[in-house]
Amino acid sequence: MELYRKSTCIFYLIHINPISVYTSGEVALYESQELQAQGLLKESKKKLLKLLKKIEHLPFNPKQTFQIQVHYAFFTDDIKQEVKNKNIELIVMVAKNLNFLQRILFRPTVEKISYRTKIPFLVLHE
């Protein structure tokens, strides 16, 4: 936020609950809309609201606003769509620490996004 202290900007805090895809390329069964709203999305929104409260205790800048969103979608597709729809100029992601075997079996999401976007990309570690 300090980087944009003199700029008028909107920070989008987005949490994506990814739709599972099996290694064979098949999509897991979609949860019903009711289960999504009551489960994953509700919990994610609580966590983002908690983060937003922490951010509000930082020095206030009237030029900066924050919006939170939670999604249940295919991760890379949703990121690309949000970048396009909101004219996002910088992506900041938090990378999970994966061990060697996890990196081999599950391609890190940060790596997928970094190859598929054309805008600046900042990675923070847990």
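Bear in mind that the values in this text are calculations on the coordinates, not laboratory data. Only a predicted model underlies this, so the values are computations on that prediction, with no experimental measurement involved. No Cβ is skipped: glycine too gets one built from the backbone with ideal geometry, and neighbour counts run over all protein chains shown.
For this structure, a couple of remarks:
- Too-long pairs where the Cα-Cα distance tops 27 Å, listed order kept, from 96/118; 53/112; 47/84; 42/118; 54/86: 53/112; 42/118
- Ranking of 82, 111 by neighbouring Cβ atoms within 10 Å, starting from the fewest: 111, 82.
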